Each structure stands twice: as C-alpha cells, then as structure tokens.
Amino acid sequence: MKLCIYGAGAIGGYLGVQLHRAGVEVSLVARGLHLEAMRQNGLTLKIDDEIRTARIRCTDNPADLGPQDYVVISLKAHSVPGVVEAMQPLLGPDTAVVTAVNGLPYWYFYRHGGEYENRTIETVDPGALQWNRLGPQRGIGCIVYPATEVVAPGVVEHHYGDKFPIGEPDGSRSDRIVALHEAMQAGGLQAPIRDNIRDEIWLKLWGNLCLNPISALTHATLDIITGDAGTRDVARRMMAEAQAIGGRLGVHFRVDIERRLDGAGAVGAHRTSMLQDLERGRPMEIDPLVTVIQELGRMVGVPTPTVDTVLALVQQRAGVAGLYSPAASAVAKPVPALVPA
C-alpha cells in the first residue's frame with residue numbers, strides 16, 4: 001500500500017509514524033523547518049512515555065512521489081483549495097482521497113441521495129475546485145479525534161486519543177475502506193468503519209461550530225465555556241439550529257445537545273484550534289466550521305439567527321487581526337457531471 005499524507009503536521013505526523021510502523025509505504029508532504037528537520041533527523045513521535053523516530057520519505061513537491069493508493073489530507077480545511085493543483089501528481093486512476101479535515105468534506109453530497117444529490121458547498125469548496133479536480137468518487141470520510149501537537153520541528157507529541165472513524169459516502173464496505181481500516185488497525189489506531197459517516201462528521205462539527213468561535217471571542221477554554229450559563233446557552237442555541245439543518249439532510253445525532261456539551265467540558269482547560277490560531281497569528285478555520293452552517297441553513301430553509309450573530313462577530317474579530325478572508329459566496333450549486341481528475 002502506497003499512502004501519502006498531505007500535511008504532515010501534528011495529526012499527519014502521528015498517522016505517518018504509526019502507519020510506517022505497520023509496514024505501509026508512507027510518504028509525507030510538508031514544508032519549512034518541520035520538513036527540513038524530518039529530512040535530517042527523521043520524524044519523532046512522543047507517545048505513552050515512549051519516543052518513536054521513523055525515517056519516512058518526505059518532500060514539499062508531490063511530483064516527487066507519483067501516484068498513490070491513498071492520499072490522506074490532514075490540513076486545515078480552508079487551506080485545501082490552495083493545494084489541489086499540487087496534489088494532481090499523486091492521483092492515479094484508483095487513488096482514494098481520505099479527508100481527515102474538520103467540517104464537511106468537499107464530497108459531502110456525493111451519493112447522498114434526494115434533492116441535494118451532487119450539490120457543492122461553496123464555503124467548503126469555493127468554485128467546486130475540489131469536486132472537479134480531486135473528484136467526489138475518490139472521497140473517503142475520516143474524523144479526527146486524537147489531540148497531538150508539533151512541539152518542535154520534526155517532533156510530534158501525542159496527548160490523547162487514537163480514534164479515526166472512516167467510511168464511504170454510500171456506506172458500503174468496499175475493498176479500499178477495508179484495506180485502509182486494516183492498515184490503521186495494524187498501526188495501533190482505532191478506525192471503525194461507519195455505514196453512515198455523515199452522522200459522525202456532524203457529531204464533531206456540532207461541537208466545533210459553537211465552541212471554536214466562542215473560544216476565539218472570549219479566550220475561554222472548553223470547561224469555562226460549557227460551565228458558564230451564558231456561553232453554554234449560546235452554544236446550545238447554535239447547536240439547536242445546526243441540528244434542525246442536519247435533520248432536514250437526514251442526519252441522526254446519537255447524543256443530545258447537553259451530553260455533547262458535557263463531553264466537551266470534560267476535556268477540561270483545552271484551548272480550541274480556532275483560539276490557538278488567533279493567538280499564533282494563523283488563518284482561522286471559520287468558513288468550514290461556522291459559515292457552512294449558515295450556507296446549509298439557507299439551502300434547506302432553516303433560520304440560523306444565533307449562528308449568524310456569532311459568525312458576524314468572529315469574522316470581524318479574525319478580519320481585524322488579518323487572519324480571515326471570507327469565501328466568495330455562500331450559494332450551493334448542483335454539478336451537472338463529474339470532471340475526471
């Protein structure tokens with residue numbers, strides 16, 4: 001199995017070391033000091049009081065690697081459109097693209113069924129670039145639950161979790177999903193195959209939608225946001241709006257709002273990724289986590305007044321800091337035909 005991880009940062013590095021240990025032919029696409037350190041010293045993973053160093057092929061030029069069996073995208077969702085063209089040399093006729101990103105994937109409405117079949121989501125995939133150049137038929141869903149961190153160039157520290165649920169858009173148990181599952185399991189990762197991966201995607205998005213922007217606006221950690229009556233109520237209202245939208249799209253939420261918030265609070269004094277990006281002066285993942293809910297609300301006819309308010313505030317906060325440029329539009333469009341990758 002040839003597998004390329006595009007974006008070998010904290011999560012990508014963790015995956016890379018674990019899969020390499022399982023015998024997968026792994027390659028990494030990275031950049032900057034992190035790439036240089038991996039080239040010189042290998043990729044080091046600190047996990048369970050153990051230090052694991054792997055010599056894995058790594059590059060900033062995907063053309064060096066050639067076609068892969070799997071390409072795992074482990075970038076921030078808003079940065080994916082900017083690398084779609086660079087990914088093209090990695091794509092062979094049967095290459096699968098594993099979307100290990102936050103929010104809804106570009107292929108979300110592929111094999112969805114019903115009136116929204118083959119819709120694209122502008123706030124996730126502006127201009128349908130990923131749909132047309134990567135191809136929805138390549139898509140495999142993957143939800144990232146572990147917490148990891150790049151603590152120095154070439155060094156990733158694992159904090160907790162090993163679960164990466166995966167699934168096909170149509171829920172099938174295909175040969176490619178089974179092979180991926182087996183490789184991840186061999187690497188010490190939990191990779192349960194879900195027959196409705198969209199439910200799992202929404203479960204994570206449900207928390208990211210509210211907790212990320214609230215934390216960026218208040219600089220509060222998860223325990224504070226969920227423990228304070230005021231901010232918990234804002235989160236609750238945003239989640240209720242999202243749940244109504246998900247219901248129109250056939251999504252089943254296996255836990256209720258209070259349990260989801262309690263679970264987030266139990267993580268403790270954790271700073272969300274959006275807050276960390278704000279503090280470190282990095283572009284903020286607003287459109288794939290928040291604006292997308294506004295877009296889908298308009299698509300299915302569900303009002304989103306609380307989401308709209310929080311979105312306006314966090315967009316302005318990020319804009320003032322120079323860390324956000326909004327998507328060109330929020331109009332979902334049907335795609336008449338697939339464009340071969």
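The values are calculated or read from the model by the stated rules, or taken from the named source; none is laboratory data. All of these numbers come straight from a predicted model, not from anything done at the bench. Heads up, the Cβs are rebuilt from the backbone with ideal geometry, glycines too, and the neighbour counts pull from every protein chain shown.
Residues are listed down the side, and each one gets a yes or a no for (1) touching a helix residue (DSSP H, G or I) at 6+ places or on another chain (Cβ under 9 Å); (2) of a type outside the set (S, T, N, Q); (3) modelled with pLDDT under 95; (4) not assigned by TED's automatic domain parsing to the domain that holds Asn208:
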| residue | (1), (2), (3), (4) |
| --- | --- |
| Leu19 | yes, yes, no, yes |
| Leu28 | yes, yes, no, yes |
| Asn41 | no, no, no, yes |
| Asp48 | no, yes, yes, yes |
| Ile51 | no, yes, no, yes |
| Cys58 | yes, yes, no, yes |
| Ala77 | yes, yes, yes, yes |
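Hey, Ala128 hits all of (1) of a type in the set (A, V, I, L, M, F, W, C); (2) farther than 19 Å from Asp199 by Cβ; (3) assigned to a strand (DSSP E or B) but one; which does it fall short on?
For Ala128, the exception is condition (3).
Among the residues of segment 98-120, is there at least one that is over 26 Å from Ser273 (Cα atoms), among the charged types (D, E, K, R), assigned to a loop (DSSP other than H, G, I, E, B) and not assigned by TED's automatic domain parsing to the domain that holds Ala191?
Yes, segment 98-120 contains at least one residue that is over 26 Å from Ser273 (Cα atoms), among the charged types (D, E, K, R), assigned to a loop (DSSP other than H, G, I, E, B) and not assigned by TED's automatic domain parsing to the domain that holds Ala191.
Residues of segment 103-159 being among the polar types (S, T, N, Q) and more than 24 Å from Gln18 (Cα to Cα), which ones?
If the condition is that a residue be among the polar types (S, T, N, Q) and more than 24 Å from Gln18 (Cα to Cα), then Asn118, Thr120, Thr123, Gln130, Asn132, Gln137 are the ones that fit.
Just one of Gly161, Gly167 is closer than 24 Å to Glu295 by Cβ, assigned by TED's automatic domain parsing to the domain that holds Leu43 and not polar (S, T, N, Q); which is it?
Just one listed residue meets the conditions, Gly167.
Which of the strands (runs of 3 or more DSSP E) found entirely inside segment 10-95 contain at least 3 residues meeting this: within 23 Å of Pro146 (Cβ to Cβ) and in contact with a Leu (Cβ under 9 Å, 6 or more places away or on another chain)?
Output list reads 25-29, 50-54, 68-73.
Report yes if some residue within segment 164-176 is modelled with pLDDT under 95, touching a strand residue (DSSP E or B) at 6+ places or on another chain (Cβ under 7 Å) and either among the β-branched types (Val, Ile, Thr) or part of a helix (DSSP H, G or I) (or both); otherwise report no.
Within segment 164-176, none of the residues are modelled with pLDDT under 95, touching a strand residue (DSSP E or B) at 6+ places or on another chain (Cβ under 7 Å) and either among the β-branched types (Val, Ile, Thr) or part of a helix (DSSP H, G or I) (or both).
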